[in-house]
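Taking it in order: structure first as structure tokens, then the write-up.
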Amino acid sequence: MPRLPYSLLWKARAVDHLLPPLVKQCRDVHAAQNELRWLRAHADTLSRPNSKAHDGLLRKMVEQRSTGMPLQYILGTEFFGDLEIKCRPGVLIPRQETAASVTYLAQLLQRAKNLPSQLHVMDLCTGTGCIPLLFQHELHAARRDIQVYCLGVDISTKALDLAKSNLRKLQKTEPAIVPNLMKFMRADILKEPDNDVPSVLPSLKAALELNRKPKQWDILISNPPYISPSAYWKTTTRSVRGFEPKLALVPKAELGGTDTEQGDAFYPRLLATAVEIDAKVVLFEVADLDQAVRVAHLARKTNAFDGIEIWRDQPDQDDLEQVPENISKDRSCFPIIGAGNGRSVLLYRGVGASWLGMPAPMQGTLEQQQVSL
Amino acid sequence: MPPLPYLLRLRLARYARTSLCSNSCLYNALPPVRTLFATPPSLAKQLPPRRVVLDSEIEENFLKGSGPGGQKINKTSSAVQLKHLPTGIVVKCQETRSRTQNRKLARQILGERIEELELGEQSRTHIKAREKSKKKSSADKKKRRKYRALEEDRKAMEGEVDDNEPIEEGESQIMKGEHIGEGKIHAPG
Ligand SMILES: C[S@@+](CC[C@H](N)C(=O)[O-])C[C@H]1O[C@@H](n2cnc3c(N)ncnc32)[C@H](O)[C@@H]1O
């Protein structure tokens, strides 16, 4: 990284003596000013402004931030759509791109005429619980006639504790969040259901039985770890590597295979789960367009879905992006929706198509799709 | 007429969906942000109605920069930039940490800018600014008096000069006003 010019740091110092360390971290004066404003506002809530304690607190937070600690861990929250989600070290910070996909999915479903009166939604790898919380908030606020029953699953007890604490916090302020209809459960979603020996860490199937949860789920969402070991070193920022849990980002190494296969390791099991629980609509987050296409191909191979789409970061925006050559040349390409980087894969089948406002599925839809391309 | 290709049909269906549900009703139907935009009732009577900007007239950009997103980076920026296509006005908002909130704020700021252009002296912002400058001149006098008294108290109590740089009035005001050197945005008053 190039060094920042001294003049910039001087300019920053003239504005506020706490600004230069933040400028070094953000590499941008405006961004640093924003962060300082938010940190100061946070300090204001913890101590009396202009007191010694306040000064010390703010100084300490700026120091933490200058080591690369994510602002969200220092402030203790991050915004996810309209919701302010609690964050803690040890649990991945929710990303805005995830919120955009989840919001868009909820918006598509809002207008469905034939949703079941209780919609079952499963979120695998739930982390802070941000996905089911936002999904219920968005859908139930618009559709009071639909009960949105959500189950979030994670392997990490730290994550599950935080998810439950987020539920307790948000149920107080958000009328569309219904605590009775929001559950969190521990399971290892990579564990094959068959060779499951009863243990502390059950497979998803065993955990569903154990906790007397339904076997059938209408909607499956997941933002699983999807970064390959080499991409972890090459493409993640230092703040991510240094402070966020690797368990949440990189599928564990014992899974084997090439580097790319390791990055993709969760998707085969997620697809199998989608079929097992009979999900009608499925949304998986991915790292980029290449991974999206790989996952879409895997999904097509299952023959279980009537429709497959790839969504970009902002699925609600017009597509101004060029599709890279290697993908557009691929004759079996999938519809790519929105603007930004490739971000998620949407699958639907049976009645799911009509929930989403898609053309009704026909026998052999996929073949027709290819012919007309 | 030959049937439309599948992809085109899908896209048309989607445009119909998007324009119906994702934007217009979400932002325009929402009540204004109370904390920042509350207008005293007396003033509200003199104001023309707020200019509503249609989402079809806007190009929205989240200024995410290039490079990867998702799990690979944890951004703290939630900046939103809007371009009003008919007039070319651009506003940017990074007031809050919440992108949804910034989107709403940006739309209101844009509405004000367009209105200023259309109504000039009769626009809400101009009326409010006139009202504010009247009030401010009297409030400023009071505030200066109070600050002086506070400062004297503090010095008397500590009996020494702090080695931390005291935050001067001017500086702290800049921090509250935000966005230095960014003429396009300002904290709406
Ligand atoms: C990328 S994070 C996603 C968190 C959250 N859904 C979000 O979008 O912010 C992935 C999550 O998967 C969990 N996880 C990792 N391996 C798992 C496994 N084998 N079974 C279940 N959850 C797992 C991690 O604990 C982490 O919380």
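Checked against the criteria, A:Lys280 counts as modelled with pLDDT of 95 or more and either surrounded by 22 or more Cβ atoms within 10 Å (Cβ to Cβ) or under 27 Å from A:Cys87 (Cβ atoms) (or both). When segment A:209-239 is examined, which residues are found to be within 13 Å of another protein chain (Cβ to nearest Cβ) and touching a residue at least 24 places away in the same chain (Cβ under 8 Å)? Listed by number, the residues that qualify are A:Ser222, A:Asn223, A:Pro224, A:Pro225, A:Tyr226, A:Ile227, A:Ser228, A:Ser230, A:Ala231, A:Arg238, A:Ser239.
Does A:Glu254 satisfy the condition of being at pLDDT below 95 and in a helix (DSSP H, G or I)? Yes, satisfied.
Restricting attention to segment A:257-285, the residues being assigned to a helix (DSSP H, G or I) and among the hydrophobic types (A, V, I, L, M, F, W, C) number 6. Tallying residues that are within 13 Å of another protein chain (Cβ to nearest Cβ), free of Cβ contacts under 8 Å to residues at least 12 places away in the same chain and assigned to a helix (DSSP H, G or I) within segment A:54-85 yields 3. Go through segment A:139-166 and give me each residue that's assigned to a helix (DSSP H, G or I), under 22 Å from A:Leu115 (Cβ atoms) and either in contact with a strand residue (DSSP E or B) (Cβ under 9 Å, 6 or more places away or on another chain) or among the hydroxyl-bearing types (Ser, Thr, Tyr) (or both). Hits for segment A:139-166 are A:Leu139, A:His140. Among the conditions (1) within 12 Å of the ligand (Cβ to nearest atom); (2) under 17 Å from B:Asn74 (Cα atoms); (3) touching a strand residue (DSSP E or B) at 6+ places or on another chain (Cβ under 6 Å); (4) not hydroxyl-bearing (Ser, Thr, Tyr), A:Leu283 misses just one, which is (2).
Checking each residue in segment B:80-92 for being out of contact with any helix residue (DSSP H, G or I) (no Cβ under 7 Å at 6 or more places or on another chain) and not basic (Lys, Arg) picks out B:Gln81, B:Gly88, B:Val90.
It is to be established whether one or more residues within segment B:45-54 are crowded, with 18+ Cβ neighbours inside 10 Å and at pLDDT 60 or above.
yes
Applying the condition of being surrounded by fewer than 21 Cβ atoms within 10 Å (Cβ to Cβ) and within 15 Å of the ligand (Cβ to nearest atom) to segment A:238-248 and asking which residue is nearest to A:Leu22 (Cα to Cα) yields A:Phe243.
With respect to the conditions (1) under 26 Å from A:Thr157 (Cα atoms); (2) hydrophobic (A, V, I, L, M, F, W, C); (3) not assigned by the TED database to the domain that holds A:Ile131, A:Ala99 lacks only one, and its number is (3). Residues in segment A:135-151 that are more than 16 Å from A:Gly81 (Cβ to Cβ), more than 14 Å from the ligand (Cβ to nearest atom) and either within 14 Å of chain B (Cβ to nearest Cβ) or hydrophobic (A, V, I, L, M, F, W, C) (or both): A:Arg143, A:Ile146. Determine, yes or no, whether A:Leu75 is modelled with pLDDT of 95 or more and either closer than 30 Å to A:Ile131 by Cα or surrounded by 21 or more Cβ atoms within 10 Å (Cβ to Cβ) (or both). Criteria met by A:Leu75. Taken as a whole, the structure places A:Gly127 among residues that are within 12 Å of the ligand (Cβ to nearest atom) and part of a loop (DSSP other than H, G, I, E, B). For A:Thr128, the conditions (1) more than 17 Å from the chain's Cα centre (by Cα); (2) away from chain B (no Cβ under 11 Å); (3) not aromatic (Phe, Trp, Tyr) are fulfilled apart from (1).
Kindly check whether there is at least one residue in segment A:106-118 that is within 16 Å of the ligand (Cβ to nearest atom) and within 14 Å of chain B (Cβ to nearest Cβ). Yes, because at least one residue in segment A:106-118 is within 16 Å of the ligand (Cβ to nearest atom) and within 14 Å of chain B (Cβ to nearest Cβ). Just so you know, in segment A:240-250 the residues that are within 17 Å of the chain's Cα centre (by Cα) and in a helix (DSSP H, G or I) include one that is nearest to the other protein chains (Cβ to nearest Cβ), and it is A:Val240.
Would you mind stating whether A:Asp154 is under 13 Å from A:Met182 (Cβ atoms) and either near the ligand (Cβ under 9 Å from one of its atoms) or at pLDDT below 95 (or both)? When the stated conditions are applied, A:Asp154 does not pass them. For the criterion of being surrounded by fewer than 24 Cβ atoms within 10 Å (Cβ to Cβ), within 14 Å of the ligand (Cβ to nearest atom) and more than 30 Å from A:Gly256 (Cβ to Cβ), A:Lys172 fails. Report yes if some residue within segment A:202-214 is modelled with pLDDT under 95, within 13 Å of the ligand (Cβ to nearest atom) and either outside any helix (DSSP H, G or I) or not assigned by the TED database to the domain that holds A:Lys280 (or both); otherwise report no. Yes, segment A:202-214 contains a residue that is modelled with pLDDT under 95, within 13 Å of the ligand (Cβ to nearest atom) and either outside any helix (DSSP H, G or I) or not assigned by the TED database to the domain that holds A:Lys280 (or both). Using the structure shown, decide if A:Ala12 is farther than 20 Å from A:Ile93 by Cα, hydrophobic (A, V, I, L, M, F, W, C) and either under 26 Å from the mean Cα position of the chain (by Cα) or loosely packed, with under 15 Cβ neighbours inside 10 Å (or both). Here the answer is no, as A:Ala12 does not meet what is asked.
The values are calculated or read from the model by the stated rules, or taken from the named source; none is laboratory data. These numbers come from a predicted model, not from an experiment. As a convention, Cβ positions derive from the backbone with ideal geometry for all residues, glycine included, and neighbour counts pool all protein chains shown.
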